[in-house]
1. Given the whole protein assembly as supplied and a 1.4 Å probe, what does the accessible area of Leu43 come to in Å², nearest 10?
2. Starting from the residue with the highest accessible area, list Cys57, Cys45 in decreasing order, probe 1.4 Å.
3. Could you check the spin-label model distance between Cys57 and Asp32? Points 7 Å from the Cα along Cα→Cβ, value in nm.
4. What net charge is computed for the residues neighbouring Val47, neighbours being all others with C-beta under 14 Å from the C-beta of Val47, Lys and Arg scored +1, Asp and Glu -1?
5. Could you list which residues have their amide H under 5 Å from that of Phe64, counting only those 5 or more apart in sequence or on another chain, with H placed in the peptide plane?
6. Convert each backbone phi in the stretch 44-55 into a coupling constant with the Karplus relation 6.51 cos²θ - 1.76 cosθ + 1.60 (shift: θ = phi - 60°), then list the ³J(HN,Hα) values in order as whole Hz, x for Gly and Pro.
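The values are calculated or read from the model by the stated rules, or taken from the named source; none is laboratory data. Quantities reported herein were computed from a predicted structural model and do not represent experimental measurements. Counting neighbours? That spans all protein chains shown, and the Cβs are built from the backbone with ideal geometry, glycine included. Quick note on the areas: whole protein, heavy atoms, side chains included, nothing else; ligands and nucleic acids left out. Shrake-Rupley method; radii C 1.70, N 1.55, O 1.52, S 1.80 Å.
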Amino acid sequence: MDQLSNFFSDIPSWVGVILLVVFVLSGRLFRDAWKGQTGRWKLKCWVFGLLALVSFCLMVFGVFDFGWANR
């Protein structure tokens, strides 16, 4: 359990930017797969939806290390 709490603490701030980009792109791909509904669209929706969920949860519950905030 200690390793899990260490994983969510002190995430570098640049990882937050990457998570935001992944969240936006996976949400867009989810929406396109949902609207298109062609060939394996359910699988694509699950994959992109889970990517969006994981990146959102990491952004919300993660503790980001902003170097300027510790001064």
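1. Using a 1.4 Å probe on the heavy atoms, I get roughly 100 Å².
2. Numbers: Cys57 45, Cys45 10 Å².
These residues rank, largest area first, as Cys57, Cys45.
3. Label at Cys57, label at Asp32, 2.6 nm between them.
4. After counting each charged neighbour, the total is +4.
5. Ile11
6. 4, 4, 4, 5, 5, x, 5, 4, 5, 5, 5, 5
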